[in-house]
Amino acid sequence: MKKEFYCMMIGLLAVMGTANAQAQNPECMTNLSIYAEHAKVKNYDAAYTPWKMVYETCPSINKANFSLGEKILSYKIDNSSGAEKDGYINDLLALYDNSLKVFPDKFPKAVVAIDKALLLYDNKMASDEELYNLLDNAFKQDEANFKNPKALYLYFSSLVDLYNAGKKDLSAVFDTYDDVTEKIEEENTKLTDIISQLLPKEEAGTLTSKENRRLKVATTNSESYGKIAGSVDSKLGALADCDNLIPLYEKNFESKKTDVTWVKRAVGRMFSKDCIDDPMFQKLFEAQLALDPSADAYVYGGTLKNKAGDSKGAIADYNKALELETDPRKKSNIAYKIATSYRRSSKSTARSYAQKAIDANPSNGRAYLLIANLYATSANDCGSTPFEKRAIYWKAADMARRAGRVDPSLSGNANQAAASYSAKAPSKTDIFNSGLAGKTIPFNCWVGGSVTVPSL
């Protein structure tokens, strides 16, 4: 032990001596100041030579050797070509590796790996297999810092391409899909929490300038996650249809039936893809019920009962699910699942559960979108004149816009839906001819409530 301690102290003193020596190097200090000033005004050509001297001679003197060095080399890459460009790329790749060696506490492993992967990808310098392995290791070693939307998509996309090339199996695709989508949802949840806190203040006109910036950043980042989520779903495409899911789960059921994570993911995926009529879903559902008699299990049980015509039993299971779940977001997701199961059989019941979803989590944009759709598909049931029937589209459009506001990751779909509903509502000419501008139109149907006709 004494020997180990002695060796450790010698090593520590050596590191400290090196750092102090670097800090006392006047040439390094001078050039550090020079390149930092050039970099501040984005004069990266002028910054390059003094930066290179400091980086090669005194790498640990300041973190700026790496953070500003990345900007300097990125500029050089963007403004060069051929062998010269390749040289700068290799320099930047080496800088990323060295950042972990010199400042391991300042540069997260996942962030460095992502930077390397995106650099290689953007410059077509790595195969799908190389990109996947780099990102897979980063995700598994440092998931907490694996947040980059583009990298999340590239991670999954490269895997699907490897599967299509016969180099990976389908189960790996599904496992990674679940990992990636759960990560996207996790990060977007953090953003919508911020948005839900700030939206009321924005609507009341009481946002500070700092809060306004924070709201804009959260909104922009949430939109980015929404786009990536859509791209990930598109990349998965038909691979996740019932024809692929069922044989895969039949093949793996015996070896995986005690793995609660695998079972829950399998049940959830078959449920979302409407594969619940197959006996395999029943087997998986029963396995989940035995392993984890949680709220979700009662949702699936209720859905099976509903499809079998046992509406009373279904309602009992659904309410049991809501009763069991204590986490507001999970409760909201359960209520939303229940709402979707009623969207065709009972629109009023569907809205009731969608509203429960919103009450539990005001950021549940999907619930707002569902209500919007329920309203839009009820146009022929609400109103006695063509104008009154079409007036409900205003109410539907408002709900769709609200969906994109509370959860910007849905803004693409929400804006598209709102535009579609608005186009079906009475036009300005219709409003003028009706003489109803500014008047209130009640809905004497399941929707209830009313809408105010826009003023001209």
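A short reminder: the numbers here are calculations on the coordinates, not readings from a lab. As the structure is a computational prediction, the values presented were derived from the model and not from experiment. Quick reminder, even Gly has a Cβ in these numbers, built from the backbone with ideal geometry, and neighbours come from all protein chains shown.
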Proximal lysines relative to Lys106, as straight alpha-carbon distance under 16 Å, when same-chain residues fewer than 8 apart are discounted: Lys63
Sorted by Cβ neighbour density within 10 Å, fewest at the top, the residues Leu118, Leu410, Leu456, Leu32: Leu456, Leu118, Leu32, Leu410
Helix 311-324 axis, angle to the chain major axis (alpha carbon atoms, nearest 10°): 40 degrees
Value of relative contact order over the stretch 363-456, rounded to a whole percent, pairs C-alpha under 8 Å and six or more apart: 28 percent
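When the dipole is taken about the Cα centre of the chain, and only Lys, Arg (+1) and Asp, Glu (-1) are charged at their Cβ, what size is it in debye, to the nearest 20?
On the way: 59 positive and 57 negative charges, 314 e Å.
That gives a dipole near 1500 debye.
Could you work out the relative contact order of the chain, using alpha carbon pairs under 8 angstrom and six or more residues apart, expressed as a whole percent? Walk me through the intermediate numbers first.
Values: 517 pairs, mean separation 35.5, N = 456.
Once normalised by length, the contact order is 8 percent.
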Dipole axis of the chain (+1 Lys, Arg; -1 Asp, Glu on Cβ), positive-most option in Phe432, Tyr121, Ser311: Phe432
Proxy reagent accessibility, fewest Cβ within 10 Å first, across Ile276, Ile392: Ile276, Ile392
Eligible aspartates and glutamates near Lys305 by straight Cα distance, threshold 16 Å, same-chain separation 8 or greater: Asp274, Asp277, Asp278, Glu286, Asp296, Asp317
Distance between the stretch 209-243 and the stretch 121-145 - C-alpha centres, whole angstrom: 20 Å
The stretch 256-326-the stretch 367-406 distance, computed between alpha-carbon centres (Å): 31 Å
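Ratio to report: Rg/Rh of the chain, with Cα atoms as the point set and Rh obtained by the Kirkwood method; give two decimals.
Values: Rg = 28.4 Å, Rh = 26.4 Å.
Ratio of gyration radius to Kirkwood radius: 1.08.
Express the relative contact order of the stretch 33-111 as a whole percentage, based on alpha carbon pairs under 8 Å and six or more residues apart in sequence. Kindly include the intermediate steps, with their values, before the conclusion.
Values: 60 pairs, mean separation 18.7, N = 79.
That works out to 24 percent.
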